[in-house]
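Just below is one structure, and these are the notes that go with it.
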Amino acid sequence: MPMRSARRLPKRYNRPVSSRTKALAERRRGNRRKFQQERFRRVLRRFQRLYVDWQQFVLRWFLVGLVLTLLFCVGFLLFSPVVRVRTIHVKRTDPRLDIELVQTSLAPLFGRQTVFLSEVEILSLLRGAVPDLDTVEVHKAYPAEISVTVTLDPIVAKVEVVSPDAPTDVPAPSGTGALQPYLTRDGMLVQTEHPQVSDLPLLRFVDWGARPQSGDMVLPTEFFVRMREAEEQLAEQFSLSVLERTIFMRGQEFHLRVSREGQEGSIVLWFDMRSALADHLQRYRNFLRAVGAEVATEYIDLRLQDRVVYK
């Protein structure tokens, strides 16, 4: 049976309160300030319990809403046509870059989800179309655009391919609209009208099995580095400036025509990749001490370990 609500006692049942009863009530209730403080603490504890219950309720539904939002976003990214690639911008950093070829190679990206496209995937597509590719930067402009900046391997030298049986081969055509052969930093032969770099050294390629073509790897990086170091050491140690550079591809050697210090004419120094550069320079130093530079009129062969041949 439910309890009835409290109500005031009727007057006919109201009896006078004795002094002892009043004293007992005063002892149990205490003064009025303590009673109000206790009442405030009870109300505060009630609100604290309500706050904890409300906090748990809000946190529970917040987590549910967060999970639902994430599921909606993932579904939107996976299935919505709004976030699929519709535009690809290619930024040219070198005149020799073929924009149409790059766009053709990136054609499989159209219709793909923009958010899941990786720079590694784009780089693999461009590797097959642009052999002298250096770096690729990809910028996504959501929801459906990507911007691709392609950087090619820098050019380090001009190239002249000379027939082995005809050293006086006709040089490559020059002028507006003529493609000139060049060598990239990684040793690839490329052709372009505007190399973007002036005062490039000229390399004469001879002794080749098959005539080098554009896109071929014709010179290892360490070969070009060795030749540049040889030029620097000749200038630093012997005050010799290089006038001409000839590379024998099959023999893995290079010849440097240098000016004579304090004399007219020039002399050709022969180097190869089998010996260390320091050994070549030491042989040349010994030759200068024992024989003298004025004795040689055509070349000095520094390739042999036990002797120096000259003419």
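Rule-based calculations on the coordinates, nothing more; no lab input. None of the values given here were measured: they were computed from a predicted structure. Reconstructed Cβ throughout: ideal geometry from the backbone, glycine too, with neighbour counts over all protein chains shown.
Calculated from the structure, P(r) over Cα pairs in 10 Å bins from 0, in percent equals which of (1) 5, 16, 16, 12, 9, 7, 6, 5, 5, 5, 4, 4, 3, 2, 0; (2) 7, 28, 32, 20, 10, 3, 0; (3) 5, 23, 24, 23, 16, 7, 1, 0? The calculated read-out lines up with (1).
Dividing the helix sum by the residues of the chain, where each DSSP H run of 4 or more adds -39500 (n - 2.57), gives a mean residue ellipticity at 222 nm of -12000 deg cm²/dmol.
Considering only beta bridges that DSSP places wholly inside the range 1-150, some 55 percent are antiparallel. For the chain, the relative contact order works out to 9 percent when only alpha carbon pairs closer than 8 Å and six or more residues apart are counted.
Looking at the range 86-158, the trypsin sites (Lys or Arg not before Pro) that sit in a DSSP loop and have at most 16 other Cβ atoms within 10 Å of their own Cβ are R86, R112. A cut-off of 5 Å between modelled amide H atoms, ignoring neighbours fewer than 5 places along the same chain, links Q180 with T192, E193.
Here K311 is the anchor, and the aspartates and glutamates within straight C-alpha reach of less than 12 Å, apart from those fewer than 8 places off in the same chain, are E294, E298, D301. Projecting the Cα atoms of Q213, V64, S266 onto the dipole axis of the chain, where Lys and Arg carry +1 and Asp and Glu carry -1 at the beta carbon, places V64 farthest toward the positive end. The magnitude of the dipole of the chain, with charges of +1 and -1 set on the Cβ of Lys/Arg and Asp/Glu and taken from the Cα centre, is near 7940 debye.
Select from the range 214-269 those GluC sites (Glu not before Pro) which occupy a DSSP coil region and have at most 12 other Cβ atoms within 10 Å, ordered by residue number.
Passing sites in the range 214-269 are E261, E264.
For the listed peptides 274-285, 52-63, 9-20, a ranking on the average number of other beta carbons within 10 Å per residue, highest first, reads 274-285, 52-63, 9-20. Once you have a ≥ b ≥ c as the square roots of the Cα gyration tensor eigenvalues for the range 203-258, tell me rounded if a/c is under 1.5, and otherwise prolate or oblate according to whether a/b is larger than b/c. Prolate, since a/c reaches 1.5 and a/b exceeds b/c. Distance between the C-alpha centres of the range 67-121 and the range 208-254: 42 Å, rounded to the whole angstrom. Antiparallel beta bridges, as assigned by DSSP with both residues in the chain, represent about 65 percent of the total such bridges.
When the trypsin sites (Lys or Arg not before Pro) in the range 215-262 are filtered for DSSP coil states and for at most 12 other beta-carbon atoms within 10 Å of their beta-carbon, the remaining sites are R250.
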